1. From the list 16, 44, 73, which one is open to solvent by 30 Å² or more (accessible area, probe 1.4 Å) and away from ligand 2 (no atom under 16 Å from the Cβ)?
2. Considering 158, 144, which residue is within 17 Å of the chain's Cα centre (by Cα) and farther than 15 Å from residue 191 by Cβ?
3. Identify all residues within segment 90-104 that are more than 21 Å from residue 127 (Cα to Cα) and near ligand 1 (Cβ under 7 Å from one of its atoms); write none if there are none.
4. With respect to the numbered conditions (1) assigned to a loop (DSSP other than H, G, I, E, B); (2) within 16 Å of ligand 2 (Cβ to nearest atom); (3) among the hydrophobic types (A, V, I, L, M, F, W, C), which one is the sole condition not fulfilled by residue 115?
5. Which one of these does residue 20 not meet: (1) at pLDDT below 95; (2) within 16 Å of ligand 1 (Cβ to nearest atom)?
6. Identify, from the list 93, 83, the residue that is in a loop (DSSP other than H, G, I, E, B) and either more than 16 Å from ligand 2 (Cβ to nearest atom) or buried (at least 17 other Cβ atoms within 10 Å of the Cβ) (or both).
7. Quick one: in segment 136-157, which of the residues that are of a type in the set (A, V, I, L, M) and within 23 Å of residue 84 (Cα to Cα) is nearest to ligand 1 (Cβ to nearest atom)?
8. Give the residues of segment 136-179 that are open to solvent by less than 30 Å² (accessible area, probe 1.4 Å) and among the aliphatic types (A, V, I, L, M), sorted by residue number.
Amino acid sequence: SSFFQQKMQLKGKKALVTAGPTYEAIDPVRFIGNHSSGKMGYALAEELANRGAEVVLISGPVSLKPNSQNIQLIKVTAAEEMYNQCMKHAQDYDIAIMSAAVADYTPLQKAEEKIKKSSSELEIKLKKTKDILASLGNLKTDKQILVGFALETVDEEQYALKKLEEKNADMIILNSLKDEGAGFGKDTNKITLFKKGGEKMTYPTKSKELVAKDIVDSIIEMVHSIWP
Ligand code: CTP
Ligand code: CA
């Protein structure tokens, strides 16, 4: 399709994207976090906006800034805030892509004051966070497209398919860690897409901007069959 057609593909559609890490507070000065840079999620938000979508980008703490006017940025810190913001938009998105590296566990309690060092060992009890992708999967209508990521170190395909099924997603994007150019903090990524219905697509290593184009193309291909 022409550049103009491509630009308009998602006109009038709403997209929800999560990006970056979450920080789970231990005390007023410490947190449990991860190395997610947010680059993949921000690239996806830009690509969706470039195709004409109105994008809500819910982002954990990263240093990136969105460029497009069509991106509404909502900054959050912890997994629970990210969950609450996503739930506010659960009814009104057409496409949701969950690319955030959400903490799976958060401290049971946040200490009011800075924890002082004392004994030689310290235990911090953690509790499971809510799964945002699975929660959106529960609420999903048949007109909404829900996409998640999977990061695995063993049995990649098997776990990716399990996530597709258990979270009621339409597509899971497997990040290949085996590839040198892929993953956290890098500017490139290597992905395999698993679609509901069994289709599997593998792509070569590319810049995260080009990976975002591949993902959005693949989503647009899917929506042809469900949107009038
Ligand atoms: N995810 C989420 N909310 C969470 C945890 C994960 O929305 N509390 C989403 C991620 O954004 C991603 C997908 O679920 O789109 C898979 O995340 P991943 O960490 O690979 O899998 P988990 O389901 O958390 O399982 P595990 O870490 O044990 O592999
Ligand atoms: Ca996880």
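The values are calculated or read from the model by the stated rules, or taken from the named source; none is laboratory data. Quantities reported herein were computed from a predicted structural model and do not represent experimental measurements. Ideal geometry is used to build each Cβ from the backbone, glycine not excepted, and the neighbour counts take in all protein chains shown. We work out accessible area using only protein heavy atoms, side chains counted, and drop any ligands, DNA or RNA first. Shrake-Rupley method; radii C 1.70, N 1.55, O 1.52, S 1.80 Å.
1. 73
2. Just one listed residue meets the conditions, 144.
3. Listed by number, the residues that qualify are 98, 99.
4. (2)
5. With (1) at pLDDT below 95; (2) within 16 Å of ligand 1 (Cβ to nearest atom) applied to residue 20, the lone miss is (1).
6. From the options 93, 83, the qualifying one is 93.
7. For segment 136-157, the residue satisfying everything is 150.
8. Result: 136, 145, 146, 147, 150, 160, 164, 169, 171, 172, 173, 174.
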